[in-house]
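Here is the structure we will look at, set down as structure tokens.
Just so you know, all these numbers are worked out from the coordinates, no wet-lab data involved. On a predicted model such as this, the values are computed, not experimentally measured, just so you know. When we count neighbours, we look across all protein chains shown, and the Cβ atoms used for this are built from the backbone with ideal geometry, even at glycine.
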Amino acid sequence: MRSKVFTISSLLVFFIFASSDSLNQTAQAAVPIQGIPSTLEIGNGLKQALEIGTGKSSDQLSAVNGFFGNAAVKILFPPEAQKAEKTLRSLGMGKLCDNVILSLNRAAEDAAKQAKPIFVDAIKHMTLQDVTSILTGNPDAATQYFKRTTTTQLTGKFKPVIQGSLTKTNATKYYGDAAQAYNKVPFVKKLNPDMSDYVTQKAIDGLFVEIAHEELNIRSNLGARTTPLLQKVFSFADKKKSE
């Protein structure tokens, strides 16, 4: 019987996302933790979880040292330039290399501020299949959904911000100086001084690393389900997976 109720509920979730904000707010008030969630609760619970996860990730990475102070996402010299970095450091140019790395991460932190509205829009445009596969899917189902639906938009928004930020933080100058210094070394493969594409991709990669972390946290850590609605909907999803 419960399986049947869940199936019927799932078929109606798509229409929930077209409902008004006031209706959503009403559904989130005074949600009982026990029992089978309604169709409205299922839809709003998933939306709430995704908004919390993506919002927290964007806020963390856009803060000062959001990238630079996070070893999991910190942007370093690109692979093809790491030999150049080693050579420059051996020639006493370690400070120049440090300045490059710091400025690349500052550019990514600036760009991360653009992510929130893109994720909100992606949440609004979820289909029935998206909703059901995310709620009962793999631990990174939401992260994979966002990768599919937002990467192009994130690239379009991030790149001009990163280009401007690379100039503002002197990354363009620092990396240009590093490339110029390295390119003077005899018999080395010349470096391309343009870093904007590389930093844009690394910034987006880092954002998805954090979103995956937040998604797993909400799915597996009961303490991360900070509202009655999240507790009710994800407890129900846990039960369905175990049946």
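Over 28 Å between Cα atoms, which of LYS159/LYS189; LYS124/LYS168; LYS124/LYS241; LYS159/LYS241 qualify?
Working: LYS159/LYS189 26 Å; LYS124/LYS168 34 Å; LYS124/LYS241 25 Å; LYS159/LYS241 40 Å.
With Cα atoms farther than 28 Å apart: LYS124/LYS168; LYS159/LYS241.
Considering only C-alpha atoms, what is the centroid distance from the stretch 202-226 to the stretch 126-171, in Å?
13 Å
Projecting each Cα onto the charge dipole of the stretch 2-242 (Lys/Arg +1, Asp/Glu -1 at the beta carbon, about the Cα centre), which of GLY176, ILE162, VAL131 comes out farthest on the positive side?
Among GLY176, ILE162, VAL131, the one farthest towards the positive end of the dipole of the stretch 2-242 is GLY176.
With the chain treated as a Gaussian network of Cα nodes joined by springs under 10 Å, which of ASN183, ASN105, ASN44 yields the largest mean-square fluctuation?
ASN183
Would you please give the FRET efficiency between THR151 and ASN221, computed as 1/(1 + (r/R0)^6) with r the Cβ-Cβ distance and R0 = 30 Å, to the nearest 0.05?
The calculated FRET efficiency here is 0.65.
Percent of Cα-Cα pairs more than 20 Å apart in the stretch 181-243, please.
So the pairs more than 20 Å apart make up 58 percent of the total in the stretch 181-243.
Using a Debye calculation, one point per C-alpha and no hydration shell, please list log10 I(q)/I(0) for the chain at q = 0.10 Å⁻¹ in order.
-0.57
By counting other Cβ atoms within 10 Å of each Cβ, how are PHE187, PHE208, PHE146, PHE236 ranked from fewest to most?
PHE187, PHE208, PHE236, PHE146
Per the helix-only calculation at 222 nm, which mean residue ellipticity applies to the chain, given -39500 (n - 2.57) for every DSSP H run of n ≥ 4 and division by its residues, nearest 500 deg cm²/dmol?
-23500 deg cm²/dmol
For the chain, with a Gaussian network of springs between Cα atoms less than 10 Å apart, report the residue from GLU214, GLU80, GLU51 with the top mean-square fluctuation.
Of the options given, GLU80 has the highest mean-square fluctuation.
Along the charge dipole of the stretch 2-242, which of ILE52, SER196, ALA122 sits closest to the positive end, that is, farthest toward it, with unit charges on the beta carbon of Lys, Arg, Asp and Glu (+1, +1, -1, -1)?
About the Cα centre, the residue reaching furthest to the positive side is SER196.
I want the local charge near LYS56. Using Cβ-Cβ distances under 13 Å, sum +1 for each Lys or Arg and -1 for each Asp or Glu among the other residues.
Once positives and negatives cancel, what remains is -4.
Please identify the DSSP H helices in the chain that span no less than 20 Å along the helix axis (Cα) and have a mean Kyte-Doolittle hydropathy of 0.5 or more.
Values: long enough: 2-16 (21 Å, 1.46); 39-62 (34 Å, -0.34); 94-112 (28 Å, 0.14); 141-168 (37 Å, -0.52); 196-220 (36 Å, -0.17); 228-242 (21 Å, -0.44).
Correct list, ordered by number: 2-16.
For the chain, calculate the relative contact order in percent as a whole number, restricting contacts to Cα pairs under 8 Å that are 6 or more residues apart. Each step should come with its number before you reach the end.
On the way: 278 pairs, mean separation 74.2, N = 243.
With pairs under 8 Å counted, the relative contact order is 31 percent.
For the chain, modelled as a Gaussian network with Cα springs under 10 Å, which listed residue fluctuates most, LYS157, LYS168, LYS232?
LYS168
Once R0 is set to 25 Å, what does the formula 1/(1 + (r/R0)^6) return for the Cβ-Cβ distance between LYS56 and LYS173, expressed as a FRET efficiency to the nearest 0.05?
Step by step, r from the Cβ atoms, then E = 0.15.
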